[in-house]
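Novice: My questions will all concern the structure given below.
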Amino acid sequence: MMGSEMPEGFQPPLPESETAREEMETLALADDDPLSTVPANADPLLSPLVSSSYSPSSAFLDPPSYADVVFAPFDSQNGAASSVGSPALSREPSSRSERRSPAEYSKIAVSDPQKEQEPTANSLVPGAGSFVTYLITSRLLDPPVSEPIEISVRRRFRDVVTLADRLAEAYRGFFIPPRPDKNVVESQVMQKQEFLEQRRSALEKYLWRLASHPVIGRSDELIAFLRVQGRMPLSPSTDVASRMLDGAVRLPKQLFGEPGGSFVAPQEVVQPAKGGRDLLRIFKELRQSVTNDWAGVKPLVVEEDKEFLERKEKVQDLEQQLSAASQQAEALVKAQQDIGETMGELGLAFIKLTKFETEEAIYDSQRIRAADAKCVATAAVKASRLYRELNAQTVKHLDTLHEYLGLMLAVHGAFSDRTSALLTVQTLMSDLTSLHARTEKLEAASSKIFGGDRARIRKVEELKETIRVNEDAKSCALREYERIKENNKIELERLDKEMHEDFLGMLKGFVINQVGYSEKISSVWEKVADETSRYARDNMSH
């Protein structure tokens with residue numbers, strides 16, 4: 001779902017015709033009528049109403065769609081005021097993002113996109129070699145004495161990719177928020193300013209999510225990204241093509257058994273094989289995966305944590321439930337938006353009826369009907385505004401559903417780290433079993449020859465060295481697997497705790513605003529009922 005899209009079937013209100021607008025401008029209203037405060041060139045549905053019984057904190061704008069707000073910058077962060085004025089019916093933070101305050105930062109803002117040129121760019125194609133940088137400003141809650149409170153650095157999107165890659169390598173097993181996608185097609189289709197604003201908003205939200213994580217928020221990688229002046233201090237990851245080329249160069253040495261080519265270095269097993277630098281390892285792990293799934297042979301080590309497996313299934317069920325709830329939330333937002341717009345159109349219709357009755361009135365009864373129609377028109381416009389503001393608050397509160405749905409990507413990524421680490425351990429153990437068998441076979445063959453077979457003895461020594469290195473690699477892989485398991489456990493406990501708090505806050509805020517706005521809308525119509533109560537008395541007297 002794109003942040004700029006509207007719900008399916010939604011169409012923005014059509015502008016009033018010049019004739020209808022002229023009629024509203026010349027409509028004579030009493031001084032105490034809220035509609036009389038509408039400027040001559042403004043739509044009364046979008047202009048603030050001034051009344052003794054209702055005074056919003058700021059002018060109201062058309063509420064965005066549910067998807068728009070999901071991908072919009074946070075209102076309460078960085079001390080920014082909300083762009084949607086609304087009565088403060090709920091004092092609770094409205095979304096998960098607002099309730100999760102970073103442990104280290106009081107401000108993270110992304111602003112001022114600027115186009116720059118690559119220093120070595122020498123292309124004949126206009127625009128080639130250029131890129132956009134963003135000003136990223138961060139403020140620490142408790143900065144060291146030697147550091148300034150607020151620091152601004154310039155970063156490009158490639159730096160964000162580098163940061164995400166570094167975090168994925170260093171914090172396997174954690175629920176690391178996914179970075180924004182680099183959508184080249186969208187950047188060509190959308191208007192330049194619209195695309196830059198979406199990118200800026202997505203980057204700001206991403207950095208806030210990273211900073212809100214109890215471990216990632218204190219990481220050296222994030223600190224370097226946000227606080228170190230000048231060029232990006234983290235070296236960029238080697239691109240996939242380069243890694244694959246290195247792997248292709250190394251593959252013949254591995255296949256023909258050259259020294260150092262037939263084993264996995266211990267420092268390499270702590271990272272997944274899919275990076276591409278070791279093609280033989282990729283093939284071996286692929287073979288091990290196929291063997292696990294189809295050969296019916298139980299690996300030497302398997303996932304035995306039944307509690308984790310149960311939690312994993314529950315997370316998958318949770319994702320389905322969140323998806324269904326998010327769709328229903330969008331339907332609710334669309335329905336409230338429709339009723340607000342319809343109520344506003346009703347108000348405009350009664351305004352036109354009032355004007356007609358006032359101009360064409362011959363009898364007193366017509367003038368009375370005109371006055372009553374004006375009351376209904378005023379109430380309908382008020383109710384329309386209240387429905388729209390209720391809708392904006394509903395979007396903000398139910399945004400928690402969408403945020404947790406997006407978080408499921410990070411959860412699946414952490415579980416994938418665990419599966420990948422386990423597969424590495426299984427592959428190494430399978431290799432060791434094969435190496436030990438080959439060594440025993442060679443030793444047995446060599447023992448049958450008086451004085452031994454020097455070639456076989458030398459081969460046995462090489463195999464023993466390979467076994468020693470693979471044993472070290474297996475130990476490293478097991479430690480990495482246990483570390484990822486512990487990280488998964490910590491993150492699942494944190495997810496449970498935060499979900500309880502966030503969903504409780506979401507439901508509380510949602511209910512409070514539904515009740516509060518319902519009471520306000522009810523009071524608007526109660527006033528109309530009181531003003532038109534003479535009709536009931538007249539009917540009873542007849």
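Just so you know, all these numbers are worked out from the coordinates, no wet-lab data involved. Keep in mind it's a predicted model, so treat the numbers as computed, not measured. We place every Cβ from the backbone using ideal geometry, glycine too, and count neighbours over all the protein chains shown.
Novice: Quick one, can you get me the convex hull of the C-alpha atoms of segment 447-496 expressed as volume per residue in Å³?
Specialist: Taking only Cα atoms, segment 447-496 has a hull volume of 62 Å³ per residue.
Novice: May I pose another question? Full extension from Q117 to E307: what is 0.36 nm times the residue separation minus their Cα-Cα distance, to one decimal in nm?
Specialist: Extra length from Q117 to E307 when fully extended: 63.1 nm.
Novice: Want the number for Q316 to R454: 0.36 nm per residue separation, take away the alpha-carbon distance, what's left?
Specialist: Computed gain between Q316 and R454 is 43.9 nm.
Novice: Right, next: Segment 288-334: which GluC sites (Glu not before Pro) are DSSP loop and have at most 16 other beta-carbon atoms within 10 angstrom?
Specialist: Here the sparse-neighbourhood loop sites are E303, E304.
Novice: Please go through segment 403-483 and write out the trypsin sites (Lys or Arg not before Pro) that DSSP classes as loop and that have at most 11 other C-beta atoms within 10 Å.
Specialist: In loop regions of segment 403-483 (DSSP not H, G, I, E or B), the sparsely surrounded trypsin sites (Lys or Arg not before Pro) are K448.
Novice: Of K352/K374; K284/K314; K182/K396; K334/K396, which sit over 20 Å apart, Cα to Cα?
Specialist: K284/K314; K182/K396
Novice: Which lysines does K312 reach when only Cα atoms under 24 Å apart count, and residues fewer than 8 places away in its own chain are ignored?
Specialist: By straight Cα distance, K312 reaches K274, K298, K485, K489, K497.
Novice: Here's another thing I want to ask about it. Find how much the distance from F356 to D293 grows on full extension, using 0.36 nm per residue of separation minus their present alpha carbon separation; answer in nm with one decimal.
Specialist: That pair, F356 and D293, stretches by 14.9 nm at full extension.
Novice: Mind listing the Cα extents of segment 400-482 along all three principal axes, in Å, largest one first?
Specialist: The Cα atoms of segment 400-482 stretch 77, 16, 15 Å along the principal axes, largest first.
Novice: Let me ask you something else. Mind listing which chymotrypsin sites (Phe, Trp or Tyr not before Pro) in segment 416-517 are in a DSSP loop and have 13 or fewer other Cβ atoms within 10 Å?
Specialist: Here the chymotrypsin sites (Phe, Trp or Tyr not before Pro) that fit, given the DSSP loop and packing criteria, are F450.
Novice: Once you wrap a convex hull around the alpha carbon atoms of segment 339-403, what is its projected area averaged over all directions, in nm²?
Specialist: 4.3 nm²
Novice: Moving to a separate point now. Can you bin every Cα-Cα distance in segment 330-475 into 10 Å intervals starting at zero and give me the percent of pairs per bin, rounded to whole numbers?
Specialist: 10, 17, 12, 10, 8, 7, 7, 8, 7, 6, 5, 3, 1, 0
Novice: Turning to a different aspect of this structure: Whose amide H sits under 5 Å from the amide H of V132, counting only residues 5 or more places off or on another chain, with H placed in the peptide plane?
Specialist: Close amide H contacts, sequence-distant or interchain: E116, F157.
Novice: Follow-up question, since we're still on this one. Sticking to Cα atoms, compute the Rg of segment 296-375 to one decimal and its Dmax as the biggest Cα-Cα distance, whole number, in Å.
Specialist: Final numbers for Rg and Dmax: 30.6, 98 Å.
Novice: Along each principal axis of its Cα atoms, how long is segment 273-412 end to end? Whole angstroms, biggest number first, please.
Specialist: Result, largest extent first: 97, 33, 22 Å.
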